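The values are calculated or read from the model by the stated rules, or taken from the named source; none is laboratory data. A quick note: this is a predicted structure, and the numbers were derived from the prediction, not measured. Neighbour counts run over all protein chains shown; Cβ positions are idealised from the backbone, glycine included. Side chains included, ligands, DNA and RNA excluded: accessible areas come from the protein's heavy atoms. Shrake-Rupley method; radii C 1.70, N 1.55, O 1.52, S 1.80 Å.
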Amino acid sequence: MSYDLCLLKQAEKPYYIENIRTGIYSLEELCFYLYHNICLIDDTIMNEGLCDWIRDELGLVRLYRQMYEQLEKKDGAVFFIMPIFREAGYLTHQEMREFQDRLSKLEVQSEDMKQKLRGDYLVKEKMYARAIWEYRQILKRRNPGKLGTQFYAAVWNNLGCAYAGLFQFEQAAGCFRESYSLMKTKESFRKYISALPLFLSGEEYQKKLEELKADSYLVQKIQEHNAKLCSRPDFQEEIKNACSQDTDELVKELKEEYCRSTKV
C-alpha cells in the first residue's frame, strides 16, 4: 500500500472533502482517505464534483467516464469507488478484495445503520459536532419497528458521549437517561449518574439521587471515578481551554460545523 509516493499527476486545485475539512491533491491521497474512512463514503464523495475534478485536475478522462457512468446508473458505492483504486494501483489484490467486501457489506445496511456507523466513527475521531448531527438525523426519522429498541438505545448512548466530548454534560445526561429508559442497562444508568454531578450543584445532585433511589455502592464508585477524572491535569486543561474560549468564536465554529454537516 502506498502512503507517501505520489506517482500520478498532482492537481493544482484540490478537491475539498467536507468530512475532514481538507483538500486532496492526488489520486493516491483520495485512495488513502477512502481506505481509512470507509464509513464516510457518502454524497460528499459520490458526486459529479469529484468526477469533474478527476477529469479537469488530474486529466484522467477514462476514469472520469467510468465514474460518471456509474453515478448515472446509481449502482452503488462499490461500482463508483473501486475504479479509483484500480486506476491508482494503490492496493494489493488481496487488499482490494478485502476492501471491496467491507464496502459491499456496508452498502447493504439500512440508512440508519450506515448513519450510526458514521456517527460512531466521528466520535472516535473527536469530530463531535458532526457526530451529533448524524445521530440526531437518525432519531428525527426514528422507526422503532425497523431496527429495534436496542439500536436506538445505542444511538442515544453514543449521542450522549458526543455531547460529553464537547463538555455539554447536561445534554449528555439527558441522552444517557433516554438510553436507559429504552434498555434499563446498568451501563447507561451508570453514565447518567456519572454525568449529573458535572453540572448539578451538590444539593441538586443529592436530591436527584434520592429520587432515583440509586444504589449507594454504585454512587460511591462513580464519585471516586469522577474525582480521579477531574484531578487529571489533561482534563483540567481541556476544561480551562473550553471555558476560556471566546463565546462568539465558539458559536461561529459550531455554526460552521453545522452548515458543513447539513450541506447537500
Report summary line: Taking M67, M96 and ranking on accessible area (1.4 Å, protein atoms only), highest first, one gets M96, M67
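Dividing the alpha-carbon Rg of the stretch 1-96 by 2.2 N^0.38 Å yields what? Spell out each step's value before the answer.
Numbers: Rg = 12.3 Å, N = 96, 2.2 N^0.38 = 12.5 Å.
The stretch 1-96 yields a ratio of 0.98.
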Report summary line: Computed from the beta carbon distance with a Förster radius of 51 Å, FRET efficiency for Q109 and K228 to the nearest 0.05 stands at 0.85
Report summary line: Total charge of the residues flanking K9 in space, meaning their Cβ is under 11 Å from its Cβ, with Lys and Arg +1 and Asp and Glu -1, is -3
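Restrict the search to the stretch 142-204; then list the trypsin sites (Lys or Arg not before Pro) that DSSP places in a loop and that have at most 15 other Cβ atoms within 10 Å of their Cβ.
On the way: sites: R142, K146, R177, K184, K186, R190, K191; in loops: R142, K184.
When the trypsin sites (Lys or Arg not before Pro) of the stretch 142-204 are filtered for loop state and at most 15 Cβ neighbours within 10 Å, R142, K184 remain.
Can you pull the semi-axes for the stretch 43-160, root of five times each eigenvalue of the Cα gyration tensor, sorted largest first, whole Å?
Details: eigenvalues 201, 48, 41 Å².
Working from the Cα gyration tensor, I get semi-axes of 32, 15, 14 Å.
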Query raised in the report: How much accessible area does R97 have with a 1.4 Å probe, in Å² rounded to the nearest 10?
Result: 140 Å²
